[in-house]
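The next block holds one structure in the form of structure tokens; read it before the comments.
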Amino acid sequence: MNDDQLPKIYLREPADLPVRSPARTVAYATTGLALAPAYLALGLLAGTPGLGFRARCAKLAAQQLLASHRRLSISDIYRLLVYPMDSVRYFEFDFVWRRIASLPAKRYLDVSSPRLLPLLLIHKRRDLSSILLNPDSADLPVTRAFAHAFGVEDRCQFSDERIESAGLSESSVDVITCISVLEHIPADRSAVRKIWSLLRPGGRLCLTVPCAAKGAVEYVDRNAYGLLAKDEHGFVFWQRYYDSGLLRERIYEEIGAPASVQIYGERVPGSYAWNVQQKMGCGWQYPGWREPYFMGRNFRYYESVESLPGMGVIGLEFRKP
């Protein structure tokens, strides 16, 4: 099935966001520092995944804060400590970390995942050399700055190429991660095929994508990365939600069935959309320290994509023969 045949969801970003001022910034930061521990405790009680990864972020934040020569700004350190990740990243980072953090591997490729997971993996695994792809050329310097701060820059090769044109050799890497990326690529089948070709026999690929009992495609009115053309309504393709048919057609038929699968989704339809709207409307003032509790209270694990009442995320681990 083509994306054009899927139900379309159109999203508009708010035109006006809260204005940042020194007083508001201080009030926001102080509130976050005070309340973050309580929401972490609530998340722990609610069974939220990823809190171990969150602790790793806090440890790095403390190291940066106490360092004689800081390599990150105070705002970056604050975010690492109080709000390093949000929403389904708690599940995604937990799923991927558990499967690859201790694998015997030497060469690692990350395809445009949120930067914290690949950088913390490289930080933990001193034996890894890595290639980090990010076609958003404006964002890549931020990843490079974090790599420098974490002391892993010398083991990272950075590229702003897309996976199709990255010029990497076939069967050249041991581990590949691709977290919440594939759903943003219009030609997802060819991207999967290309990624798989780069993996050595015996290597591992970890993918995560949004999923739902019935597939759909989202469009937004802001061209965030400037990589895609607008449609006839002035909207840009944003992401797709994979149902079981799309997973089979776009992924499994290309590279085979996954070795392991986990599905994490909202308990009540609409809670994820509400969360997204809150972030869009609040902008920088969104209370991100609440996310651990929000996820544990509103999401849970499911046995199948078909059983999802609303939106979910599926984690897939593949092992190349």
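At a glance:
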read-out: Single condition residue 303 does not satisfy, out of (1) of a type in the set (Asp, Glu); (2) open to solvent by 60 Å² or more (accessible area, probe 1.4 Å); (3) under 20 Å from residue 239 (Cβ atoms); value: (3)
read-out: Count of residues meeting criterion [assigned to a loop (DSSP other than H, G, I, E, B), surrounded by 15 or more Cβ atoms within 10 Å (Cβ to Cβ) and either within 20 Å of the chain's Cα centre (by Cα) or of a type in the set (D, E, K, R) (or both)] in region 162-185; value: 4
read-out: Residue that is farthest from residue 184 (Cα to Cα), among those in region 220-256 that are at pLDDT below 90 and aromatic (Phe, Trp, Tyr); value: 235
read-out: Test: residue in region 43-53 that is open to solvent by less than 70 Å² (accessible area, probe 1.4 Å), touching a Gly at 6+ places or on another chain (Cβ under 6 Å), not in a helix (DSSP H, G or I) and not aliphatic (A, V, I, L, M); value: yes
read-out: Exclusive hit being under 25 Å from residue 18 (Cα atoms), surrounded by 20 or more Cβ atoms within 10 Å (Cβ to Cβ), of a type in the set (Gly, Ala, Ser) and modelled with pLDDT of 95 or more, set 288, 312; value: 288
read-out: Any hit, region 107-127, residues being among the hydrophobic types (A, V, I, L, M, F, W, C), in contact with a Phe, Trp or Tyr (Cβ under 9 Å, 6 or more places away or on another chain), open to solvent by less than 40 Å² (accessible area, probe 1.4 Å) and assigned to a loop (DSSP other than H, G, I, E, B); value: no
read-out: Qualifying residues in region 3-14 (those that are modelled with pLDDT under 85 and open to solvent by 100 Å² or more (accessible area, probe 1.4 Å)) - the one nearest to residue 222 (Cα to Cα); value: 12
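The values are calculated or read from the model by the stated rules, or taken from the named source; none is laboratory data. Please read all numbers here as calculations on a predicted model, not as lab measurements. Every residue, glycine as well, gets a Cβ built from its backbone with ideal geometry; the counts of neighbours run over all protein chains shown. SASA here: full protein model, heavy atoms, side chains in, ligands and nucleic acids out. Shrake-Rupley method; radii C 1.70, N 1.55, O 1.52, S 1.80 Å.
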